[in-house]
Amino acid sequence: MFTAKLGNGQIINLWKIKRDNLKKMRQNVSFYCPECNGKVILKMGEKKIMHFAHEKDMGCQANAEAESSYHLEGKRQLYYYLKKIGLHPELEPYFSSIKQRGDIGVVINNQYYVIEYQCSPINPDLLRKRTSGYLNRKIMPIWILGFKNMKKITRGTLRLSAFSAQFIVNYHEQYILPSYCPVQQKFYFFHSFFPLTINKTYCICESQSLSELASFPFLQNSKLMLPLDEWKHGIRKQKMHHIHYHTTINNQFLKEIYPHNLHPHFLPPYTGIPLPTAIIFETPPLFWQTFIIVDSFLGENKGKIISFQKILDYFSWRIDSQHIKIRKFPLAADESRWKHAVLDYLQILVQINIVQEIKPKFFLFQGEIQTDFHYQKQHNWEDEFYKKYAEVLLAKKINKGEIG
């Protein structure tokens, strides 16, 4: 950390005192942690950025996350950026009423913001607790993930870990993950998340250097984008190959579809379509969308009009049974977000004439289920589907409507 308390209670900031003066102070003055009051050591080595560190075995919450050079340098750069654009940031503000210390605090238009630059793993419950603590004090938290945690598979795809996904926020009805790299001095904004499998997510990454960023907060709106041809081939590969890997989720899925005379290679192309709200699920779209078709429109429900509430009941049962898993979004918490994704999917089915909405939120299935299995016919069907409905699939926005 960059701040410490003197014996008289005064808080000092390393960046406001000359290095020579700090060397003299280190010989004659004791420094203490503003949070736990434990003794801290001023480290002024050549390899790591100058900072205060707790003495060993100190049981301080602030010391639970040892600050790396990457973290310290990123925090320093963000602090000076805010000063450069004419703001008056506060370094490492401590809020005694909630026993929390942020990285940087700043007031804009009478709103107090606290920036948390997170570079190491944090428990989702702690992330949620810290966020709630700030909000309860009418402080707006902005969490920024260290860019080193983002794992790209190829250009345009990302391995979105459970840790990284925690930092996704819902900004103006769009999911965005802000990250910062102090080495390159750049922000990286990930958005337009379209998860294909548990481990692979299509997304857009836009970068902006710190020197060019002229506004705060850092978040910004971006257009939803998706390489639709790549998505089509990714879904086809999942149906033809990945589905046969012996995993619990694959085995459960096959067990559910075979009794309905469905074969994974020949699932209709309207199962596994891309949706921006699908990021709420760890379960791949091919699986959860097929469950909606199977549970709501086949079997005993075949040919029947079914209510949206009944569809939600079936889906909720799948969640409770662990057939469908929900991602944890501590920063975009909303218990109903999975319901928005279900409604988005149904609305797409209505637009492409697979489902008819008889009256508001009452649906009748009129889609085709392939039974005469033929690979070339299946591939032609998929090609025609994505060509015909490309505009519909690419135009979809996050649903903001009422659920119920």
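The values are calculated or read from the model by the stated rules, or taken from the named source; none is laboratory data. Keep in mind the model is a prediction, meaning the values are calculated, not measured. We place every Cβ from the backbone using ideal geometry, glycine too, and count neighbours over all the protein chains shown.
Taking strands (runs of 3 or more DSSP E) as the structural unit, those lying wholly within region 64-164 and holding at least 3 residues that are touching a Pro at 6+ places or on another chain (Cβ under 8 Å) correspond to 104-108, 111-118, 140-146. If the condition is being closer than 21 Å to PHE315 by Cα and either outside any strand (DSSP E or B) or touching a residue at least 40 places away in the same chain (Cβ under 8 Å) (or both), then region 346-357 contributes LEU346, GLN347, ILE348, LEU349, VAL350, ILE354, VAL355. Give region 173-186 a look and list any residue that's farther than 21 Å from GLU230 by Cβ, buried (at least 22 other Cβ atoms within 10 Å of the Cβ) and free of Cβ contacts under 8 Å to residues at least 60 places away in the same chain, or say none. Residues satisfying the conditions are ILE176, PRO178, SER179.
The listed residues are GLN100, GLN111, and the only one of them that is surrounded by 21 or more Cβ atoms within 10 Å (Cβ to Cβ) and either farther than 21 Å from ILE198 by Cα or not aliphatic (A, V, I, L, M) (or both) turns out to be GLN100. The C-beta contact set for region 362-385 (first residue more than 18 Å from THR290 (Cα to Cα), second residue modelled with pLDDT of 95 or more and outside any loop (DSSP other than H, G, I, E, B), distance under 6 angstrom, 6+ apart or interchain) comprises PHE362/ILE305; PHE362/SER307.
Within this structure, LEU346 fails the test of being assigned by TED's automatic domain parsing to the domain that holds GLY299, modelled with pLDDT of 95 or more and surrounded by fewer than 17 Cβ atoms within 10 Å (Cβ to Cβ). Just a yes or no: is a residue in region 365-372 at pLDDT 95 or above and in contact with a Leu (Cβ under 7 Å, 6 or more places away or on another chain)? No: region 365-372 contains no residue that is at pLDDT 95 or above and in contact with a Leu (Cβ under 7 Å, 6 or more places away or on another chain).
One line per residue, one yes/no per condition, for (1) without any contact (Cβ under 8 Å) to a residue 24 or more places away in the chain; (2) under 20 Å from PRO89 (Cβ atoms):
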{"position": "ASN8", "(1), (2)": "yes, no"}
{"position": "ASN21", "(1), (2)": "yes, no"}
{"position": "LEU42", "(1), (2)": "no, no"}
{"position": "HIS51", "(1), (2)": "no, yes"}
{"position": "HIS54", "(1), (2)": "yes, no"}
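Of note, GLN309 does not satisfy the criterion of being modelled with pLDDT of 95 or more and closer than 20 Å to HIS244 by Cα.
Take LYS339 and decide whether it is modelled with pLDDT of 90 or more, assigned to a helix (DSSP H, G or I) and either over 22 Å from the mean Cα position of the chain (by Cα) or among the polar types (S, T, N, Q) (or both). No; evaluated as a whole, the condition is false for this residue.
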